[in-house]
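Take a look at the structure below.
The values are calculated or read from the model by the stated rules, or taken from the named source; none is laboratory data. Remember, predicted model here, so these are calculated numbers, not experimental data. So basically every Cβ, Gly included, is an ideal-geometry build from the backbone, and we count neighbours across all protein chains shown. With ligands, DNA and RNA removed, areas are computed over all heavy atoms of the protein, side chains included. Shrake-Rupley method; radii C 1.70, N 1.55, O 1.52, S 1.80 Å.
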Amino acid sequence: LQAGGPEPYHYTITIKTSDVFGAGTDSMVWYEVIGDKSRSGLRVAADSKTSSNKFERNSRDVFDLFTGADLGTPKEFILYMDASGLGAAWDVDHVVVRDELLGAEAEFPASCRLDKSNTKAILKPLSESGVMIVRVKTGDLSGAGTDANVFAALQDENGWTGEAALSATVNGKSDKFERNNLDEFKISFGRRLGRVLAMRVRTDMTGAFAEWYLEYIEIVNPGSDDKAMFVVGRWLNKQTKELEMLPGKESSTIEYTVTVVTGNERGAGTNANVFCTLFGTDGSSPEVALKKSQNMDKFERGQEDVFSVILGRPIGLLQRCRKPMGL
C-alpha cells in the first residue's frame, strides 16, 4: 500500500553512512523491515528526504515507508545493494526504524561494509547485536596519530566475529586516533558476545599520515561489565598492518626476525613486493609485507636481507613460512 491509501501505517527509515574514507556509495540500495507482526517486503531506498545525493560519507538519509499492515516491533532489518557505480563499496554505521504513529524507535547497529563480495547485511536490534564499548588509546609520541581507517574483530567461545569499522566516536569528534587521544566507540559485532578471548585490529594505511602508534585497546561489554584490556605499545605501518592480540596487562606482541637470501644466479633479484605468512604450532600470522631491511635495495642478487616481523600474539614453535609474492 503506497502513501495516500486508506489508513496506511507510516514508518521512517534513517540510514547512517559511516564517517570513514571512501564510506559512501553510488550503488542501488534496497531494504526490508521484519517485525513480530508482519514484514514490509523489499523496498527501494530511492528518495531521501534529507539529501539529493544519498549515502555519502557521514550522511543521514531518511526514507518514508508506508505499509498496509502493522509491522509490530521491528526484529530484523535487511540491507541489499547491487555494488554498481564507480564508488560501489559502502560502510554503514547504523539504521533507525521509527513508527510515526506511536513514536517508537528501534536502532539497528551495523558497523559493516557492503561491496561486490558482500552485498547483503542482516541487522539485529541494539539489544541483540553484540554492541561493545571499544576504547582506543593512541600513544604520546611524535607522529603517533593516523588518518587511516581502523577495523576490529573479536573472538569469544563461539569463534570470531566479522570485522567492524571504528568509525563514529561516542562524542562525535571527527579527528580520531590523534596523538595521546583516548577515543571511545560503540560498535556492533553482529551477535551477542561472551567473554572476549582475543582481538584483531587492522589499519588500511590510507591517508597522508597513515602510520599509527597504538598504546592499548579496552573492550567493555555494557550488558555484563566484563572488560578485556589489550596492551599493544607498537607501531602499525605498511609492514605490520594487522595484529591479533591476547588480553592482559602486558603486551602479547612478539617480534620475529625473517632473513631472506636471494640466489646468486643472473637475474635472481626482484623489484616486486614480497610477503610472507608464518606458521607455528599455536597458529599462524597474517600475511606480512617484507618492507624494511638493512639494505636500501632489497632482494638483490646474492644479497641477505633481514626483516623484523611483529605479531600481536605468539604462534608457538615455528614450522614453516609461506612466501607469496605480489608481482
- Tell me, which residue of the range 206-258 that is open to solvent by less than 50 Å² (accessible area, probe 1.4 Å) and among the acidic types (Asp, Glu) is nearest to Val306 (Cα to Cα)? Glu244
- Query: Restricting the search to the range 6-35, which residues are open to solvent by less than 20 Å² (accessible area, probe 1.4 Å) and modelled with pLDDT under 85?
  - Reply: Val20
- Query: When the residues of the range 244-269 are filtered to those that are among the charged types (D, E, K, R) and free of Cβ contacts under 8 Å to residues at least 24 places away in the same chain, which remaining residue is farthest from Arg322 (Cα to Cα)?
  - Reply: Lys249
- Task: Report yes if some residue within the range 162-182 is of a type in the set (D, E, K, R), in a strand (DSSP E or B) and touching a residue at least 40 places away in the same chain (Cβ under 8 Å); otherwise report no.
- Result: no
- Looking at the range 45-102, which of its residues are among the polar types (S, T, N, Q) and farther than 20 Å from Thr25 by Cβ? Thr67, Thr73
- In the range 116-159, which residue that is at pLDDT 90 or above, over 24 Å from Asn171 (Cβ atoms) and of a type in the set (Asp, Glu) is surrounded by the most Cβ atoms within 10 Å (Cβ to Cβ)? Asp156
- Note on the structure: Flagged in the range 259-277 as among the hydrophobic types (A, V, I, L, M, F, W, C), at pLDDT below 90 and either in contact with a helix residue (DSSP H, G or I) (Cβ under 7 Å, 6 or more places away or on another chain) or open to solvent by 50 Å² or more (accessible area, probe 1.4 Å) (or both), in numbering order, are Phe275
- Task: Being of a type in the set (D, E, K, R), buried (at least 17 other Cβ atoms within 10 Å of the Cβ) and at pLDDT below 95 narrows it down to one of Asp91, Asp47, Asp61, so name that one.
- Result: Asp91
